[in-house]
Amino acid sequence: MLKSVGYGATSAHAPLDLMHFNRRDPGPGDVQIEIAFCGVCHSDLHTARAEWEGTVFPVVPGHEIVGRVTAVGAEVSRYKIGDTVGVGCMVDSCQQCGSCHEGLEQYCETGFTGTYNSPEKHIGGVTYGGYSNNIVVSEKFVLRIPDNLDLAAAAPLLCAGITTYSPLKHWNVQKGHKVGIVGLGGLGHMGVKIAHAMGAHVVLFTTSSGKKDDALRLGADEVVVSTDPAQMAAHVNSFDFILNTVAASHDLDAFLVLLKRDRTMTLVGVPAKPHPSPQVFNLIGKRRQLAGSLIGGIAETQEMLDFCSQHGLTSDIEMIPIQKINEAYDRMLKSDVKYRFVIDMASLEA
Ligand SMILES: NC(=O)c1ccc[n+]([C@@H]2O[C@H](COP(=O)([O-])OP(=O)(O)OC[C@H]3O[C@@H](n4cnc5c(N)ncnc54)[C@H](OP(=O)(O)O)[C@@H]3O)[C@@H](O)[C@H]2O)c1
Ligand SMILES: [Zn+2]
Ligand SMILES: [Zn+2]
């Protein structure tokens, strides 16, 4: 067994704290990675505090992992010791079903293996995530981090980047489209940057009027304070696509009415408490659609990393030592993230 050390929670009410645990030794198809940095996603908080059903304790969160390869199994062909690599939200899937064959492992029909809090198929128990010093992952789920990207700032691409890139691609965002991004947090700020790089006219919706200048700097063309009805009314029937990243229950109708006929708002935020149901009239009157999207497949994640490399895109990060993780969670709940916390794993030795 490989010895690991990291930060995890033993119950929904316990703060994250130092934990020692075992991982499998790398098998023939596995890559062992020394983790340099790990981003902090709001899903980590939802899971650690058991806001969604199904958290198995203890839980070690973290699925925005970057680091260096320290060992490879005999059958590994794509990576070698010393390579700079990443791991996102998935570490395995069935590799047999229709979705897996289409490169949509996130929709694996028997369920993908999450980077944390999923059944560990090799040694039993559950998978442990990236708030730790090392990880062992099948090479099929390892990504290559382009050399020109700052490593720490690239970590959030592994979840926040792909979760916004995938729906923007799927709903065919094009140059000149008017695209709304709702919420300027980890996902939202990547949504703004990526939609801008795709050539869209980007409108950022925020509940935090103080984020306006940042949004414009990050690539938004306009900023709307979503709690101001007059500002919202000015955009009725005008959007080609809206990507909603909000992590809390809120009124979806306020955004649905902003779509043109036949256009879609896609939800990626997964609040603990459900949203109030939208008014059907707001859908049928203009044949509008309300959709959802889950991260992105492995091939598409590599495509997104290469897109970010070409456009020089990374996340705006605030680096923290791992000892500050509980404080970071509390700030995330207050929408006080500029715009992704990233853990410097060197702090584990402190
Ligand atoms: N679908 C997927 O595959 C996927 C992947 C990753 C994460 N997620 C989910 O996506 C959500 C966002 O994650 P994140 O890491 O980006 O979180 P985050 O950094 O906390 O950002 C969420 C943003 O939502 C806005 N917000 C928060 N509370 C709000 C409220 N009560 N009303 C309106 N807006 C509010 C805030 O933006 P403003 O201050 O600008 O209003 C906040 O910065 C989480 O639920 C997470 O679990 C889903
Ligand atoms: Zn995430
Ligand atoms: Zn599958």
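Brief remarks on what is shown
- Residues 139, 318, sorted so that the one with the fewest Cβ neighbours within 10 Å comes first: 318, 139
- Sparsely packed loop sites in the stretch 7-54 (the GluC sites (Glu not before Pro) outside DSSP H, G, I, E and B with at most 10 other Cβ atoms within 10 Å) comprise 53.
- 14 Å reach of a label modelled at residue 95, 7 Å along Cα-to-Cβ, counting backbone N of the stretch 122-161: 122, 137-142
- Between the stretch 152-223 and the stretch 278-327, the alpha-carbon centres lie 8 Å apart.
- Segment residue 10-residue 150, length gained on full extension (0.36 nm per residue, minus Cα span): 47.1 nm
- Using distinct alpha-carbon pairs, which all enter the 1/r mean, Kirkwood radius of the stretch 3-120 in Å: 15.6 Å
- In the chain, the longest principal axis of the Cα atoms and the axis of helix 186-197 are about 70 degrees apart.
- Of all beta bridges that DSSP places with both ends in the chain, some 55 percent have antiparallel geometry.
- Applying a threshold of 26 Å to the alpha-carbon distances of 211/324; 80/121; 178/273 flags 178/273 as lying beyond it.
- Modelled spin labels at residue 57 and residue 34, positioned 7 Å past Cα toward Cβ, are 3.4 nm from each other.
- Computed lengthening from residue 78 to residue 260, 0.36 nm per intervening residue step minus Cα-Cα distance: 61.0 nm
- Chain lengthening between residue 170 and residue 227 when straightened (0.36 nm per residue, less Cα-Cα): 17.6 nm
- Sorting 88-101, 113-126 by their mean Cβ neighbour count within 10 Å, with the most densely packed peptide first, gives 88-101, 113-126.
- Treating each Cα of the chain as an identical point scatterer and summing with the Debye formula, the log10 of I(q)/I(0) at q = 0.12, 0.13, 0.16 Å⁻¹ comes to -0.83, -0.98, -1.43.
- From its DSSP helices (H runs of at least four residues, each -39,500 (n - 2.57)), the chain gives a residue-normalised ellipticity at 222 nm of -6000 deg cm²/dmol.
- Hydrodynamic analysis of the stretch 160-292 uses the Kirkwood radius over alpha carbon pairs. Inserted into Stokes-Einstein at 4 °C and 1.567 mPa s, it gives a translational diffusion coefficient of 90 µm²/s.
Values in this text are rule-based calculations from the coordinates and carry no lab data. All values derive from a computational prediction rather than experimental measurement. We place every Cβ from the backbone using ideal geometry, glycine too, and count neighbours over all the protein chains shown.
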